[in-house]
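Take a look at the structure below.
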Amino acid sequence: MADSQTEARKRSGLAVLLIMLVSLLPLVVQHGYVLRILIMISYFAVASYGWDVIGGYAGQLSLGQAAFFSIGAYAAASAYLIWKLSPAVGALAGVGLAALLALGLGSLVLRLRGPYFTLSTLAAAEVVRILLLHFKSITGGAEGRVIPYTGFNLSALQFATDRPYYYIAVALLALAIWTSYQVSRSRLGFQLAAIRNDEDAAESVGINLMSAKVKAFVISACLTALAGAFYVIYDRYIDPYSTCSSEVSVKILLIALVGGRRSIWGPLLGAVLLIPLTELTNAYFASIRAGASMVVYSIILIIVVLYAPDGLIRVLRRRPSRGAVTLQPGPKGRNSHASA
Amino acid sequence: MTKKLLSLVLVLTVVALAVPLYASAAVKTVNVGLLATISGDLSEVGNMGANAAKLAVEHINAAGGIKALGGAKINLIIGDTTSDYSQSVLVAQRLVNNNKLSGVLGAGVSGMALAVAPVLERAGVPFLTAAVADNLTQLGYKYMFQFCPKGSQFGNMQAEFLKFLQDKYGLPAKKVAIVFENTAYGQSTAKGIRQLAEKHGFEVVIEESYPKNFTDAAPLVTKVKAAGAQVVFPVSYTNDAALILGTMKAMNYNPVIIGGGAGFIWPEFYKTLGKNAEGVFSVGSWSWDTKNVLGHPESVAAVKAWETKYKTFMPEMAGEMYTAMFILKEAIEQAKSADPKAIRDALAKIKITDGPGAMMQPGVVEFDQYGWNKHVHPTIIQWQNGVVRTVYPVEDTDNKVMWPVK
């Protein structure tokens, strides 16, 4: 008992320290480039925490997160450009829309297991992209949407420097980490763990598979849409090919994979490493030979996946995390028989 | 233990690589940034642009640098934007932050230009882009200059040229088809073609878009052939262009082809298609053999230097980046300063009518209040004996159309 109290005190002290460090960081970092990287780390981590709920905790490999990311982004942009609303309102609408999509789509495709589910999420993202290309009057079609910079405007979330964006991004990141933490220790989290290990066994002990999986999918969609909305507010340009592509889905997934799934710090660690890594390999190797940067990047990824298949967070930690014990994948044979 | 060591090494590597980025280079020269898609999907266009910009810098520096600044040399800093837009924004930010830039060239892909523009605008660095999207200069950016034709002008020129073929060569065509890749570039070009074709009394029998980098053009070509189109306007990058044209030949369908630039005018097109490319027309932002280029010894030298070095004619994107460097150089001369703000103001009121800076057709560069080169117009080329030759507008060239097209 005393042990857990000191532990808790130590943790809250650490948290306060972390918050102070994070909020003071932009005062030290005057370099706009570094600040931009920090912001990118934050919003990609948010999207990745979103993926982790369905892909990590629930063990359902989604390759369609770009759909939710785009819905968040397009909602924020359209609310501002067409209906003259604050993009913050649009962001909330986008989160709502993404939740609805996840509910509808999830009710259908979460009945599928393993690769069948993965393929249908991939297809869903393609469908969303085609819709974005089709409804030109709302989305701008292939030409995309530009949010012109009109000077400081609080309701439009336009700021002259990157610092306010940094704080917004960090706040969103905190929300994402909190969500991950809540999921991991909630009833839902335990249900998901059971499902992940063996769907049939989970069902036999009375877990409502669909209800739990759909809930996870909705939470996942909300976080990812939030990241998308922030992305357009910050970068001010979207088009269907750059925001709703499988590249975006894979990037989101890789961050969690490299950092560590089902972990409160995994996606953040993944983003902290991968986002600067993409950029640094580009800065250093791009001039050597076209594509060299991507080769180096890929080699590093391969090494990580080979030596730390459960994510770097588990390698860096001395003891395996609480979740790690139940990490072993369930008996695959039985699962595939059941779904066949 | 090994795993831990490895992860530690990885983390340390990232940190170690990051540190020197802070160290800024000594500012003795005039720094010019270039944003190009060196790797990824669009590497072909990016590399042509980067090579041309390097060539231009070589020529400028060899000729004594920037005279108004006591012969200061230009230092070209190339950023590989890859073909990923969010990455390109970061690369732009890196160039701006780590160097004292007097200007930035490039981002010939419209989406990319739209993505990086806010960064350059906020940093106050003049940005010369070769992207063609219509809406680029309608966004109120003060530092962005679009020195090349706009997408909708392409269609205009194609329709005009079709009329010319009809009047001068008796082309009987009435039925036209428009085929375009479903991207910003494809859409805005197609829009222009449709309006103008109808205005000139042609019947657009079919208008089909296709996804970029598709793998089977047969359904598309079948539709176009079935619609009875005598003239086809395709808007594509190289892979798709070659695929569509190859499929047409395979189906023994030989309409007059007036391509929408990009893939239809780059050397790679001929390498892929060989003889099948002969006679194909295309619109383009720039071509190497018009009067305004061949009429000036320095521009001729540029075209020749490219030919010797890269064993092809100087392609569109190369010519554009070469001339962009000279436009910027001219602005620096007139501003008598390396200060980006002063250079921006010089660009806003510049008028170039001579030399490599005026290589864009028709040979005058002057920006309107929105930052668009108001004189510029595209040209029509035809593949003749493995080389693109300008054939239209007639005031730009004395070259003859190869007619009839086989």
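The values are calculated or read from the model by the stated rules, or taken from the named source; none is laboratory data. Quantities reported herein were computed from a predicted structural model and do not represent experimental measurements. Quick reminder, even Gly has a Cβ in these numbers, built from the backbone with ideal geometry, and neighbours come from all protein chains shown.
Quick one: which of B:Gly228, B:Gly201, B:Gly155, B:Gly261 is more than 14 Å from every other protein chain (Cβ to nearest Cβ), on the phi > 0 side of the Ramachandran plot, buried (at least 22 other Cβ atoms within 10 Å of the Cβ) and of a type in the set (Gly, Ala, Ser)?
It is B:Gly261.
Considering each of B:Ala133, B:Ala53 in turn, give the residue that is within 19 Å of the chain's Cα centre (by Cα), within 14 Å of chain A (Cβ to nearest Cβ) and more than 30 Å from A:Ser249 (Cα to Cα).
The conditions single out B:Ala53.
Given the structure, is A:Ala156 of a type in the set (A, V, I, L, M), buried (at least 16 other Cβ atoms within 10 Å of the Cβ) and farther than 26 Å from B:Met112 by Cα?
For A:Ala156, the condition - of a type in the set (A, V, I, L, M), buried (at least 16 other Cβ atoms within 10 Å of the Cβ) and farther than 26 Å from B:Met112 by Cα - is not met.
Just to check your reading of the model, which residue among B:Gly79, B:Gly108, B:Gly64, B:Gly103 is out of contact with any Phe, Trp or Tyr (no Cβ under 7 Å at 6 or more places or on another chain), within 20 Å of B:Met144 (Cα to Cα) and assigned to a loop (DSSP other than H, G, I, E, B)?
None of the others qualify; the one that does is B:Gly108.
Of the residues A:Thr139, A:Thr150, only one is closer than 18 Å to A:Tyr237 by Cα, touching a strand residue (DSSP E or B) at 6+ places or on another chain (Cβ under 8 Å) and free of Cβ contacts under 8 Å to residues at least 24 places away in the same chain; which?
Answer to the check: A:Thr150.
Out of the residues in the stretch A:252-265 meeting the condition of being within 13 Å of chain B (Cβ to nearest Cβ) and assigned to a helix (DSSP H, G or I), tell me which one is surrounded by the most Cβ atoms within 10 Å (Cβ to Cβ).
Across the stretch A:252-265, the extreme among qualifying residues is A:Ile252.
Scan A:Leu112, A:Leu97, A:Leu103, A:Leu133 and give me the residue that is under 30 Å from A:Leu209 (Cβ atoms), at pLDDT below 95 and among the aliphatic types (A, V, I, L, M).
A:Leu112
For the list (1) surrounded by fewer than 22 Cβ atoms within 10 Å (Cβ to Cβ); (2) aliphatic (A, V, I, L, M); (3) within 12 Å of chain B (Cβ to nearest Cβ), I need the number of the one condition that A:Leu269 fails.
(1)
In the stretch B:269-282, what residues are within 12 Å of B:Val388 (Cβ to Cβ) and either basic (Lys, Arg) or in a helix (DSSP H, G or I) (or both)?
Passing the criteria: B:Phe269, B:Tyr270, B:Ala277.
List the residue pairs whose Cβ atoms are under 6 Å apart, where the first residue sits in the stretch B:149-173 and is within 24 Å of B:Val109 (Cα to Cα), the second is of a type in the set (D, E, K, R), and the two are 6 or more positions apart or on different chains.
B:Lys150/B:Asp134; B:Gly151/B:Asp134; B:Ser152/B:Asp134
Does any residue of the stretch B:114-121 turn out to be touching a residue at least 12 places away in the same chain (Cβ under 8 Å), over 24 Å from A:Thr243 (Cα atoms) and either facing another protein chain (nearest Cβ under 9 Å) or not in a strand (DSSP E or B) (or both)?
The answer is no; no qualifying residue exists.
Does any residue in the stretch A:284-306 that is more than 7 Å from every other protein chain (Cβ to nearest Cβ) and farther than 13 Å from B:Thr82 by Cβ come within less than 9 Å, Cβ to Cβ, of a residue that is at pLDDT 70 or above and exposed (fewer than 15 other Cβ atoms within 10 Å of the Cβ) six or more places away or on a different chain, and which pairs are these?
Hits for this filter: A:Arg289/A:Val295.
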